[in-house]
Ligand SMILES: [Zn+2]
């Protein structure tokens, strides 16, 4: 038995995610977690909401709520939608948890002790009325270049000129409108990533088998231009993890919090702590190599925009601590899924959002199509027409139709029991041999986290059953040799059970319906031996004809959705 630690990139708290976000990390991570569990391995699958930073504060202000309340609510919303998509997290945590506070403060203290954190004095605008430092974009004024009176401290939206807050004429706070501003000297902490460049370089070189997409992005950031830069890890905000050195106060850093990029990945570890506390168990055996985690295989799933954080920033934190933390073994990154000729966009409300998707179709339809068409080696595109075609062909025509045809035929010609007569002949043996080879390929592809190819192999396994049924044609055989037809149907009924087990990581609800129709109880056993698996339902075993597994998407449905989603929605 292997132990798999699996994490998905953390969705940001400020709203409901779109399908491009879902297929870029959470869904493929769930596929892998479900598969490894079915293979009998021990899995800890973690995800959490990323809750700190300015965008969370802005979104809360817009919603007219205190930021902690806003985050708690949005966390619940995201957790409910994740359940709707059957994302099987062992724990869905929060980066604002007490566990993450403690651990983030621990890492900062440790990195300071190792000489990797520097205190830097900076000049920053302070608003007396707001009683806070203002980030550049919270300062408004008149543009010295074009005279636009709502230019921001970082840039003028009107003429696009890059600005410093001190360039603005009549500067004022964007929060309160107050002009009572002054420039103060304030101190911030910088993580000296530049000192870790060689360590990171060697660590990345030690990783074989990472996707080229992953290593090329990491190497570019390490070596291009001036190489890896030191980075600020603190901010003058109210909402966040207070800056401390371990458990001790940090002189001069009162009222400051850690910058979100520093604390968010640490939540991967803290999330295990949240899980362990809820379960009354131990988390260190998953995360500390001195406490049992050295035999853990750790896989991270993320979109390509998150690769620098996972190959450089977070490893800098961990390697810099020189403590025995578990490091990532496989880093699986994805390109972007585009929507109908453009990009999915949260800010523009463009595309399909996770809650909307579940309003119109069950999770399995989305899971199947997104995984089978995921942006693995290049960007891929969602169009309603391709979605309709893929779902109707693969799920309704191939898998759903097979289940329906076999169970209905058996009920009408025999009964709702697995028929006993006849025995398997050359056609059945050939099918079994073919499926055994395909099963091996499917396992290898799933183990290698090859999502699209795994989906293609699974589809081919469904097709093989259909082709068998077409060629032996039990509905014809029955007229001349009912015993032979009984054996053919016995095999086909067993195939339904076999398909349910293999398909569960992709389409868990349909797989559960198939198993329920076959009156299978308990956990599915992975069918490593196809011959044996196709005799699991013995003669006399009772089954039921299930409801339609997958209704086809009609042209009318498709046109309606195309129109509904063409306008986008308010962000
Ligand atoms: Zn301007």
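Quick note: the coordinates plus some simple rules give every number you see, no bench work behind them. Quick caveat, the model's predicted, so the values are computed rather than measured. Using ideal geometry, Cβ is built from the backbone for each residue, glycine included, and neighbour counts are taken over all protein chains shown.
Annotations for the structure displayed:
- Mean residue ellipticity (222 nm) of the chain, computed from DSSP H runs ≥ 4 via -39,500 (n - 2.57), nearest 500: -13500 deg cm²/dmol
- Cα-derived Rg to Rh of region 392-542, Kirkwood definition: 0.95
- For the chain, the relative contact order is 16 percent, taking Cα pairs closer than 8 Å that sit 6 or more residues apart in sequence and dividing their mean separation by the residue count.
- Neighbour-count ranking [beta-carbon atoms within 10 angstrom, fewest first] of 345, 423: 423, 345
- Ranked for footprinting exposure by Cβ neighbours inside 10 Å, fewest first, 143, 71, 271 give 143, 71, 271.
- The value given for the chain is a Kirkwood hydrodynamic radius of 26.6 Å, derived from the mean inverse Cα-Cα separation.
- Folded to 0 to 90 degrees: helix 67-84 orientation relative to the chain principal axis, Cα: 10
- Region 210-339 gives an Rg/Rh value of 1.00, both radii derived from C-alpha positions and Rh following Kirkwood.
- With Cα atoms, 0 to 90° folded angle of helix 54-63 axis to the chain main axis: 80
- On a per residue basis, the convex hull of the C-alpha atoms belonging to region 32-83 measures out at 91 Å³.
- Cα-based equivalent ellipsoid, region 1-60: semi-axes from gyration tensor eigenvalues, Å: 29, 12, 6
- For region 65-154, the Stokes-Einstein estimate of translational diffusion at 20 °C and a viscosity of 1.002 mPa s comes to 120 µm²/s, using the Kirkwood hydrodynamic radius over alpha-carbon pairs.
- Using alpha-carbon coordinates, inclination of helix 555-566 to the longest axis of the chain, degrees: 0
- Neighbour-count ranking [beta-carbon atoms within 10 angstrom, fewest first] of 113, 394, 30: 113, 394, 30
- Cα-Cα P(r), region 457-515, percent of pairs per 10 Å interval: 23, 44, 26, 7, 0
- Euclidean distance of C-alpha centroids, region 394-434 and region 47-73, integer Å: 53
- Binning the alpha carbon pair distances of region 335-406 at 10 angstrom intervals from zero yields the distribution 18, 47, 26, 7, 1, expressed in whole percent.
- Equivalent ellipsoid semi-axes, region 117-191, via Cα gyration tensor eigenvalues times 5, rooted, Å: 23, 15, 9
- Computed over Cα pairs, the Kirkwood radius of region 1-111 leads via Stokes-Einstein (1.306 mPa s, 10 °C) to a diffusion coefficient of 104 µm² per second.
- Stokes-Einstein, applied to the Kirkwood radius of region 182-246 over Cα pairs at a viscosity of 1.002 mPa s and 20 °C, places its translational diffusion at 147 µm² s⁻¹.
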